[in-house]
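The values are calculated or read from the model by the stated rules, or taken from the named source; none is laboratory data. Source: prediction; values computed, not measured. Methodologically, a virtual Cβ is constructed for each residue, glycine included, from the backbone with ideal geometry; neighbour enumeration extends over all protein chains shown. To get the accessible areas, we keep the full protein, side chains included, count just its heavy atoms, and leave off ligands, DNA and RNA. Shrake-Rupley method; radii C 1.70, N 1.55, O 1.52, S 1.80 Å.
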Amino acid sequence: YFSKPLNRLTLSECAVLAGIPKDPNDLNPFKNIELSRKRRDLVLYRMRELGWISEKDYQAAKAEPIVVRRSTQMVSPYPSFISALKIDLGRVYNLTRDELNVKGLRITTTLDVPIQDACDKALREGLAAVEKQWQAAKPRRRIKEEKDLGWIFKEGTTRLMRITRLTPQGIEVSEGDYHGTIPRPENPEALYHNPAMVLKEGELIDVRLHSVNQQTGRIEGVVGNNGPVQGAIVVLDAHTGEVLALVGGTVGEWNRAMQGGRQAGSSFKPFFYAAALERGFQPNSIVVDEPIEFTYGNQRYRPTNYEREGFFGPMTLIQAIEESRNVATIRLYETLGIKKALAQVERFNVFNLGHGWAVPPEISSCLGTMDCSPLEMAAAYQIFANGGIAIRPRLIRNALDSDGRIELPPRRMEEPIINPVAAYQMTYMLRQVVAQAPNDEGRLGGTGYGAVGAKFPSPPYPPISGKTGTTTNNIDAWFCGFTPDLVIICQVGFDDRTPMGPGLTGGKVAGPMWAAAFAEIHKIPGRVWMRNFPTPEGLEVANICAETGKRAGPLCYQDGHRVYTNVPFPAGQAPTRVCDGSTGWPIIEPVGGEYAYLAGHSPRTGLAHAAYGAPASESSEGDSDY
């Protein structure tokens, strides 16, 4: 911040640094010098009150202007990658920042400049597009806000209000019986990608209410946004684990690609489906999407699907993950057994890239309620693309000392996680998420089809497998996708976890950003991309009826059933029974155990009752583009 060693900092500068950790994004003096100054003054005031500094020192430090200077020692057009490199050198080689400063190392990184540039552009332009969607979604969000919080405004809450007039003194706002003037932000560019779009008469704006006079309707407050919508993109080489690109956001020093983590939502589901395949279940195994209830003490948890419009009955595992069905995933999770399933899932973070995946033993965990970083998700999805082998992401190829000797030998760390056939089966199942739905004119495809699959048909593009993810109230949105050569992860959300608004799902928000990055990468001249995922040994394929889970036959084509073609199975385990219109028996008995339900009769409305760990307070939901 000040380009000087600690022993040369002034009292004022020390107070600035002491004030930052409370809110590193907003109190960063590079971003908002005024907020940083106010926080510094508070720190100085407390020091004086505690007797740690004199009145004279207090007044002198308070009067000192804050002058920040970025260091010229390490200026890079790719600050996120450099930040990640420093962090990783410490994790892998135990190098401190001081050692990096004095060793004089010449490091060759894995950074692929054209791919990094493509991701920088995709994130920058994508976040601006998301902000436009966020603004357009505010009227729908206001309806939900009124339903959840009521018509009465209360101090301490953040509410949407209409901008009625912009003046040099402030922003006049009004909503229902409430009105007032809030200060204009000193640095609008720190809050929005396009301030002119948001700070405009007639638009809705978030207002953080400091006081409310219920008699007059007069409110006092400030703009409720703490910063613009942010995100991250990570690209790995699927075969080597090399980090080809890493973008940790567009503002601030926080590297969102690998520091901290965000709820993964439905993009976490594939690890549970992979655990099922490892346990002997197959892509055509039947699971029932039905009303169900779990109890823990006096708490009740009734999971629903994203649409909240009902349940869809028996379906294959392929269809359950293609359509991101929450209840079907929970039923699969029950079948696997919580402890055994979690032990298998946690192996997908075998290299512990920041914080271990200690997935809580809760029934909602399979819906992605735990925090993951984009780099962690990239490493986990790479396992599917690489035939079940995990390779620790690498940011360096080598490092030479001042005499040209290899100082840091490359360390390729890898470990088998799932068998090659299960990895290929998951690749196939995730391919259906972005592929056009077969033999079904009523639907186009899975949750990733509209944003990704429709834009990149194979051929001429390489095949794409992937998964969308959306968390409760649309706080986080993900698209995790891979080709035979690349793993690309996109995550979007506000730093303070403000909901983005209705409809801003992984498919609508992160998917287009993924598509933009992939389109630019695919246009890079001189690159040759694989056209198919390598097929492992010990495999056979069969055409499967999506309605019954049985081998497709004449009845399927006669009645217009959806048919999945060339579904992979371990050799000798493809189904032999041909579709006769009746659904196969599910892997877990449906509520009540009535086979009539599976044969296509009216679904029951009964609820199962079981005791499990209490669901997370902020459980995730599936997502849909339909």
Quiz prompt | Rg/Rg_globular for region 407-560, with Rg_globular taken as 2.2 N^0.38 Å and Rg from C-alpha atoms | solution = 1.23
Quiz item: At q = 0.27, 0.33, 0.34 Å⁻¹, what base-10 log of I(q)/I(0) does the Debye formula yield for region 532-574 when every alpha carbon is treated as an equal point scatterer in vacuo?
Solution: -0.88, -1.11, -1.15
Quiz item: Rg (Å, one decimal) plus Dmax (Å, integer) for the alpha carbons of region 303-418?
Solution: 18.9, 68
Exercise. With everything on Cα atoms, drop me the angle between helix 511-522 and the longest principal axis of the chain, reported from 0 to 90° to the nearest 10.
Key: 90
Quiz item: What order do you get for 187-200, 227-240 when each peptide is scored by the mean count of other beta carbon atoms within 10 Å, highest first?
Solution: 227-240, 187-200
Quiz item: Of the listed peptides 38-51, 383-396, 138-151, what is their order by residue-averaged count of other C-beta atoms within 10 Å, with the highest listed first?
Solution: 383-396, 38-51, 138-151
Quiz item: In degrees, nearest 10, range 0 to 90: what is the angle between the Cα axis of helix 420-434 and the longest Cα principal axis of the chain?
Solution: 70
Quiz item: Regarding region 90-244, what is the average projected area of its C-alpha convex hull, in nm²?
Solution: 14.2
Quiz prompt | Shape category assigned to region 30-146 from the gyration tensor of Cα positions, a/c cut at 1.5 | solution = oblate
Practice problem: Just name one of Thr505, Ala128, Pro188: the one whose Cα is farthest towards the positive end of the charge dipole of the chain (beta-carbon charges, Lys/Arg +1, Asp/Glu -1). | Solution: Pro188
Quiz item: By the gyration tensor of its Cα atoms, with a ≥ b ≥ c the square roots of the eigenvalues, what is the shape of region 456-505: rounded for a/c under 1.5, prolate for a/b over b/c, or oblate?
Solution: prolate
Practice problem: At 20 °C and 1.002 mPa s, grab the translational diffusion coefficient of the chain from Stokes-Einstein with a Kirkwood Rh over Cα pairs, rounded to a whole number in µm² per second. | Solution: 80
Quiz prompt | Size of electric dipole in the chain: Cβ of Lys, Arg +1 and of Asp, Glu -1, about Cα centre, debye, nearest 20 | solution = 980
Quiz item: For Cys556, what accessible area in Å² do you get when you roll a 1.4 Å probe over the heavy atoms of the protein chains, rounding to the nearest 10?
Solution: 0
Quiz item: Which FRET efficiency value, to the nearest 0.05, is calculated for Arg397 and Arg531 with the Förster distance at 25 angstrom and r the Cβ-Cβ distance?
Solution: 0.40
Quiz item: Given the chain, what percent of its DSSP beta bridges are antiparallel, to the nearest 5?
Solution: 90
Self-check item: Among Thr468, Thr369, Met429 - extreme Cα towards positive end, dipole of region 365-515, charges at beta-carbon
Solution: Met429
Quiz item: With every protein chain kept in the model, how would you rank Val350, Val567 by accessible area, 1.4 Å probe, largest at the top?
Solution: Val350, Val567
Self-check item: Extended-chain gain in nm, criterion 0.36 nm per residue less alpha-carbon gap, Glu220 and Arg46
Solution: 59.9 nm
Quiz item: Which FRET efficiency value, to the nearest 0.05, do you get for Ser174 and Asn352 by plugging their Cβ-Cβ distance into 1/(1 + (r/R0)^6) with R0 = 56 Å?
Solution: 0.60
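Return one quarter of the surface area of the convex hull spanned by the alpha-carbon atoms of region 217-326, equal to its mean projected area, in nm².
Result: 13.8 nm².
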Quiz item: Which entries in the list Lys121/Lys523; Lys147/Lys200; Lys138/Lys200 go over 19 Å, if you measure between the two C-alpha atoms of each?
Solution: Lys147/Lys200
Practice problem: List the lysines whose Cα lies under 27 Å from the Cα of Lys38, skipping any in the same chain that are fewer than 8 positions away. | Solution: Lys4, Lys22, Lys56, Lys62, Lys154
Quiz item: For region 258-309, rounded, prolate or oblate, judged on the Cα gyration tensor with a ≥ b ≥ c (square roots of eigenvalues), a/c < 1.5 rounded, else prolate if a/b > b/c?
Solution: oblate
Quiz item: What's the carbon and sulfur percent of region 1-58's accessible surface, probe 1.4 angstrom, rounded to a whole number?
Solution: 56
Quiz item: Peptides 268-274, 525-531, 152-158: what's the order by average Cβ count within 10 Å, highest mean first?
Solution: 268-274, 152-158, 525-531
Quiz item: Whole-Å semi-axes of region 114-155's equivalent ellipsoid, largest first, each the root of 5 times a Cα gyration tensor eigenvalue?
Solution: 36, 9, 7
Practice problem: Counting residues in region 1-80 as N, plug N into 2.2 N^0.38 Å and put the Cα Rg over that result. | Solution: 1.17
Quiz item: By how many nm would the segment from Asp559 to Asp371 lengthen if fully extended, with 0.36 nm per residue of separation less the alpha-carbon distance?
Solution: 63.3 nm
